[in-house]
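See below for the structure under consideration.
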Amino acid sequence: VQLQASGGGLVQAGDSLRVSCVASGRISDYFMGWFRQAPGKAREFVAAITRGGANSYYADPVQGRFTISRDNTKNTMYLQMNSLKPADTAIYYCAARWVYTATYARGGEYPYWGQGTLVTVSS
């Protein structure tokens, strides 16, 4: 499957933004996630969602502010980001894997990645 992330941009602290990830194939086959990489830092897990969308998982820094969702009829996954902070500035990547495991936060276990979309939050 090929993934393409979009929707990034420059926003101010406290603003909201939604990024999207469109897949070339049927995303209902995949467990999917969002990761991010800030300048000079390692890539980190942000959120993940099961195939049908019934369950989602979040990193502590975004819990309560970000919401992951998917529309399998549109082969699209979303990340709604509210109350953005300068610390959220990063390139956001979408990723897909075949199955859920308890190690869903490990980026190395996702074989499919999008190209990333830059989110910049100014103070």
- Using 0.36 nm per residue of separation minus the Cα-Cα distance, give me the extension gain between TYR100 and GLN63 in nm, one decimal. 11.4 nm
- Task: Can you sort TRP34, TRP98, TRP113 by 1.4 Å-probe accessible area, starting with the largest?
- Result: TRP98, TRP113, TRP34
- Message: Report the Cα centroid-to-centroid distance between region 1-57 and region 65-123 in angstrom, as an integer.
- Response: 2 Å
- Query: Over the chain, one equal point on each Cα, no solvent: what is log10 I(q)/I(0) by the Debye formula at q = 0.18, 0.19 Å⁻¹?
  - Reply: -0.86, -0.96
- Long-range HN-HN contacts of PHE66 with modeled amide H, under 5 Å: ASN82
- Here region 100-111 yields Karplus 3J(HN,Hα) values (6.51, -1.76, 1.60; θ = phi - 60°; whole Hz; Gly and Pro given as x) of 7, 9, 5, 9, 5, 7, 8, x, x, 9, 9, x
- Task: Could you please put ILE91, ILE27 in sequence from largest to smallest accessible area, using a 1.4 Å probe?
- Result: ILE91, ILE27
- Using a simple charge model, +1 on the beta-carbon of Lys and Arg, -1 on the beta-carbon of Asp and Glu, nothing else, what dipole does the chain show about its Cα centre, in debye to the nearest 20? 100 debye
- Message: Quick query: amide H of VAL46 versus all other amide H atoms, modeled in the peptide plane; which residues come in under 5 Å with a sequence gap of 5 or more or a different chain?
- Response: TRP34, PHE35, ARG36
- Message: Tell me the per residue accessible area of region 3-68 using a 1.4 Å probe; a whole number in Å² is fine.
- Response: 49 Å²
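The values are calculated or read from the model by the stated rules, or taken from the named source; none is laboratory data. Source: prediction; values computed, not measured. Glycine gets a Cβ as well: all are built from the backbone with ideal geometry, and neighbour counts include every protein chain shown. Heads up: the accessible areas ignore ligands, DNA and RNA and are worked out on the full protein's heavy atoms, side chains in. Shrake-Rupley method; radii C 1.70, N 1.55, O 1.52, S 1.80 Å.
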